[in-house]
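> This structure is in structure tokens; I'll ask about it shortly.
Taken together, the values in this text are just the output of simple stated rules run on the coordinates, not laboratory data. Bear in mind the structure is a predicted one, so any value in this text is a computation, not a measurement. Cβ sites come from the backbone with ideal geometry, for glycine too, and all protein chains shown count toward neighbours.
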Amino acid sequence: MAAIFWQEHSRDMIKAEQTPQPASAPTAWSYWVKTARPFSLTATVSPVLVGTAIALYEQHFNALIFIATMLSCLFLQIGANYFNEYFDYRYGLDTAQSLGATTVIFQGKMTARQVFLGGAGSFALAALFGLYLILVVGPAIILFGLAAMAIAYFYSSKPFKFAARGLGDPLVYLAMGFLMTWGAYYVQVQRWSWHAFAASVPVGLLVTAILNMNNVRDYEDDLAVHKLTLPVRFGRRFGERYHAALLIGAYVTTTIFALVGLLPILALGVWLTFPLAYTNVRAVLTATDRKAFIVGIRQTSRLHLVFGVALTLMIVLATLVGIKY
């Protein structure tokens, strides 16, 4: 894997240096922050909170481990955002007019090299916090880290380019649903848990909905460059209905898991957030303007965070009052 990474890195950096780019002044921190896409980082916060809450429910919690886990996962996602921006530019999948790109490279605000190094630096910080987890939890964390980094890097990069092949949805569900939620539980408890797995399902469905909303927005752009996301494969209307199914599925699965005892019964309290989901679904299904999906992405990200916080609070409340599975 390391050989593939560096081989592709070398080729792409050579191409990037050969590609004419507008001259620019020293890069302001605001552009580094913009390219990190801070509004998207709720996708990391929710699974780490929920997984940690399940561990707390089972009487396990270490604050330093929680902080290291959160920071490692955040930098991992930031790195993935940088790499996505870089490789979509490098492979011609974005243009200066793309709604999904930050366009900092096209505007000359950052060079392609800077964006790539931003991703590499973020991965290094994620690995640094991961090293702490390895030391205090054990070497099994290495597998989590390698799997997450591989998915994050090759999501956009050759030779796999998972996103361009329509594999983004299952991999985002795996990485930011299952791995982050169950991983946040595992670093606290160090054992398998069907309860943590159950908690990861609705979180994973909602983070997949964020990606799908992004793909629905970019339908025309992706179709033009043959980026085979699910909406491109099956149509934008499919993407809109798929979005509704993902959001509703998060509530249905939470209800089932609470009723069968895989989640505390108080987890049903997430239905208090359902009006946000209903408004979101109605707006998506009735949208006529492509730019309306930009709002849809932010609404889905907000729902993912609110749902995750609500589920976390319900689990913590169940812990405090002593409600068992």
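> Could you list GLU220, GLU85, GLU240 in order of exposure, starting from the residue whose Cβ has the fewest other Cβ atoms within 10 Å? Provide the component values of the computation, followed by the final result.
Values: GLU220 11, GLU85 28, GLU240 21.
By the 10 Å Cβ count, ascending, the order reads GLU220, GLU240, GLU85.
> Separation between the ALA292 and LEU117 pseudo-spin-labels, each 7 Å from Cα along Cα→Cβ, expressed in nm?
4.4
> Counting only C-alpha contacts under 8 Å and six or more residues apart, can you give the relative contact order of the chain as a whole percent? It would help to have the intermediate numbers written out before the result.
Values: 456 pairs, mean separation 71.8, N = 325.
22 percent.
> Only helices at least 20 Å long along their axis, Cα-based, and averaging -1.0 or more on Kyte-Doolittle count here, so list those DSSP H runs from the chain. Intermediate results must be reported in sequence, preceding the final value.
On the way: long enough: 2-18 (24 Å, -0.69); 42-57 (22 Å, 1.49); 63-90 (40 Å, 0.78); 112-137 (37 Å, 1.75); 140-154 (22 Å, 2.39); 194-217 (35 Å, 0.92); 236-260 (36 Å, 0.64); 292-321 (43 Å, 1.69).
Correct list, ordered by number: 2-18, 42-57, 63-90, 112-137, 140-154, 194-217, 236-260, 292-321.
> If you don't mind, there's one more thing I want to ask. By counting other Cβ atoms within 10 Å of each Cβ, how are VAL316, VAL137, VAL281 ranked from fewest to most? It would help to have the intermediate numbers written out before the result.
On the way: VAL316 17, VAL137 20, VAL281 23.
Listed from fewest to most nearby Cβ atoms, that is VAL316, VAL137, VAL281.
> Let me ask something else. Have a look at THR181, THR279, THR103 and tell me which one the Gaussian network model of the chain (Cα, springs below 10 Å) gives the largest fluctuation.
With Cα springs under 10 Å in the chain, the top fluctuation among THR181, THR279, THR103 is at THR279.
> Would you report the distance distribution of C-alpha pairs in segment 35-321 as whole percents per 5 angstrom bin, up to the bin with the largest distance?
In whole percents, the pair-distance histogram is 1, 6, 13, 17, 18, 17, 13, 9, 5, 2, 0, 0.
> So for the pair ARG302, GLN59, with labels modelled 7 Å out along Cα→Cβ, what separation do we get in nm?
Those two pseudo-labels are separated by 4.1 nm.
> What is the extension gain from ALA245 to LEU268, computed as 0.36 nm multiplied by their sequence separation minus the C-alpha to C-alpha distance, in nm to one decimal?
Working: separation 23, 0.36 × 23 = 8.28 nm, distance 1.86 nm.
Extending this stretch completely gives an extra 6.4 nm.
> Another question about this same structure. Work out the FRET efficiency for ILE134 and SER30 from their Cβ-Cβ distance, taking R0 = 35 Å, and round it to the nearest 0.05.
On the way: r = 34 Å, r/R0 = 0.98.
The value I calculate is 0.55.
> How much net charge surrounds ILE210 when only other residues with a Cβ under 12 Å from its Cβ are counted (Lys, Arg +1; Asp, Glu -1)? Walk me through the numbers before you get to the answer.
Details: positive: ARG37, ARG217, ARG298, ARG302; negative: ASP169.
Net of charged neighbours comes to +3.
> Let me ask something additional. For segment 195-325, compute Rg over Rh where Rg is the Cα radius of gyration and Rh is the Kirkwood radius from the inverse mean 1/r over Cα pairs. Write out the running numbers ahead of the final one.
Numbers: Rg = 16.2 Å, Rh = 15.3 Å.
Answer for segment 195-325: 1.05.
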